[in-house]
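Novice: This is the structure I have questions about; it appears just below.
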Amino acid sequence: MDPNILYIIIGAVALLAGLIVGKLVFARNTTRKLEEAELQSQTILKEAELRAENIRKEKELDAKERFVQMKSAHDKEVFEKNKKINDSENRARQKEQSIIQKETGLDKQIKDNDIIKENLNRQIELVNIKRTELEKHQEEHIRRLEKIANLSADEAKNQLIESLRSEAHTQALGIQQEIIDDAKQKANKEARKIIIQTIQRTAAEQAIENTITVFNLESDEIKGQIIGREGRNIRAIEAATGVDLIVDDTPEAILLSSFDPLRREIARLSLQRLVADGRIHPARIEEVVEKTKKQIEEQVMEIGERTVIEMGIHGLHKELVRMVGRMRFRSSYGQNLLMHSRETANLCATMAAELGLNAKLAKRAGLLHDIGKVPDEESELSHALLGAKLAEKYGENAAVVNAIGAHHDEMEMQYVISPIVQACDAISGARPGARREIMQQYLQRIKDLENLAMAYPGVEKAYAIQAGRELRVIVEADKVTDQESDKLSFEIAQKIQTEMTFPGQIKVTVIRERRAVNVAR
């Protein structure tokens, strides 16, 4: 056979065998890939099922949480509605009890009137019986006189007249005394009725003064700025305002402590401006405090004008209006002085109207009765006499002047409204919870402490801080030397120890500071 043909046959056989082997290998690879793809698809399905299960569980948890929140909100709303319903029921029950009490009082008053009528009827019957007995006695006496032969007709007539006159005079005195006693009883009852009606018709707010104001901060970082380096800022604020700043662990708050509400308000507004501005240093502090003091004066005038307008009082002098505004920042035995004066004025107007007097004049006197407690300058006069002097100086009515001066019996009462003002002042002050005697004693001790230091020459300012446990005295550097400052501190401490009564101990700090200021232009 030809070798070429043989090679061709062998090549064809080899090619056929290669094709068969290649096909078998390709089929095996294809099968393996199909198996891998199937395994991968099963893995993907399992992961998808697992993720779907996790998502379902998360949604169920979210749904449960939202259900709990909605249920809590619903329960809270139901609780508030029930509380409002209970409050409404309580108010209705209180009104019902009040109406029942009033009806009971009216029934009692009607019974009292019936008893009075019965007593009057008995008295009338008694007078008629006495009159009948007197007529019989007169007839018998006349018959006896006629039997006496030695008496003439004129003498018998004169004796009869004298006897009748004596008898009538005795009976008249008895009846007069009964009428006077009855009138006193009715007058006392009527007075109590007028006072009760006046109190019931007057609704006044009770503002009890404290000695601490809380100044809230946005963050505790501002406390460091307010304190300043080595405490110089806080010392400058205390020296400028006379208010004790208490910086403790209370979050986002500083306490302003002072017995004087006006000082606390100046310190509060000054701190508010300083914190808003962000520049806090001694020079800026003094500038802001001075501006705040001027602002407070404007605010005082605005409060006074608003008060007299609300009270319906016209024609009041501007100085008196300013004093009325200053009452807002003063207290009497812990009771806010402006609230006390407004309440007294309303009581005076109501009581005067009940008695048929000039209600506007009585209201005016009631509002001004304590202006002697807010003078511009200290005086040795009592607040009642000083108030009368100020009212007379600014052209007030003589009745108003007398009512102010006499409401503590330091001046003779010459007008009808004077006892009304005195009574209404006592009613307002004696109301339960209106005043706190202990607080007023504490405030008076603090004020006496400051006045004691101010009496020394060269003292510019004196502030009692730390609830009266420390007295800071600021002296003028030109008038007091360093050696004299030491001596002054010792003398003030000795005088406090000998003249005042106080718990614990009082630290006396004398501050002498000299500043040199020049302006470059």
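Novice: Would you check if S270 is small (G, A, S), out of contact with any strand residue (DSSP E or B) (no Cβ under 9 Å at 6 or more places or on another chain) and either touching a residue at least 24 places away in the same chain (Cβ under 8 Å) or over 30 Å from V517 (Cα atoms) (or both)?
Specialist: It is true that S270 is small (G, A, S), out of contact with any strand residue (DSSP E or B) (no Cβ under 9 Å at 6 or more places or on another chain) and either touching a residue at least 24 places away in the same chain (Cβ under 8 Å) or over 30 Å from V517 (Cα atoms) (or both).
Novice: A further question on this structure: From V421, V473, V480, grab the single residue that is part of a strand (DSSP E or B) and either of a type in the set (F, W, Y) or modelled with pLDDT of 80 or more (or both).
Specialist: V473
Novice: Look at L390 and say whether it is farther than 24 Å from G315 by Cβ and among the aliphatic types (A, V, I, L, M).
Specialist: Criteria not met by L390.
Novice: Note down all Cβ pairs under 7 Å where the first residue falls in the stretch 504-521 and is in contact (Cβ under 8 Å) with a residue 12 or more places away in the chain, the second is in a loop (DSSP other than H, G, I, E, B) and open to solvent by 100 Å² or more (accessible area, probe 1.4 Å), and they're at least six residues apart or on different chains.
Specialist: Correct list of pairs: G504/R469; I506/R469; K507/R469.
Novice: Determine whether the stretch 318-333 contains at least one residue that is touching a residue at least 40 places away in the same chain (Cβ under 8 Å), within 23 Å of the chain's Cα centre (by Cα) and more than 23 Å from I266 (Cα to Cα).
Specialist: So far as the stretch 318-333 goes, no, none of its residues is touching a residue at least 40 places away in the same chain (Cβ under 8 Å), within 23 Å of the chain's Cα centre (by Cα) and more than 23 Å from I266 (Cα to Cα).
Novice: If you go through the stretch 454-469 one residue at a time, do you hit one that is farther than 30 Å from L355 by Cα, at pLDDT 85 or above and among the β-branched types (V, I, T)?
Specialist: Yes, there is a match, as at least one residue in the stretch 454-469 is farther than 30 Å from L355 by Cα, at pLDDT 85 or above and among the β-branched types (V, I, T).
Novice: Out of A349, A353, which single residue is among the aliphatic types (A, V, I, L, M), surrounded by 21 or more Cβ atoms within 10 Å (Cβ to Cβ) and part of a helix (DSSP H, G or I)?
Specialist: A349
Novice: Still on this model: Which residues, counting only those in the stretch 462-521, are open to solvent by less than 80 Å² (accessible area, probe 1.4 Å) and of a type in the set (S, T, Y)?
Specialist: Residues satisfying the conditions are Y463, T481, S485, S489, T509.
Novice: What number goes with the only condition from (1) at pLDDT below 85; (2) part of a helix (DSSP H, G or I) that R514 does not pass?
Specialist: (2)
The values are calculated or read from the model by the stated rules, or taken from the named source; none is laboratory data. The shown structure was predicted, so the numbers you read here are calculated from the model rather than taken from an experiment. Note that we place each Cβ from the backbone using ideal geometry, even for glycine, and neighbour counts take in every protein chain shown. Heads up: the accessible areas ignore ligands, DNA and RNA and are worked out on the full protein's heavy atoms, side chains in. Shrake-Rupley method; radii C 1.70, N 1.55, O 1.52, S 1.80 Å.
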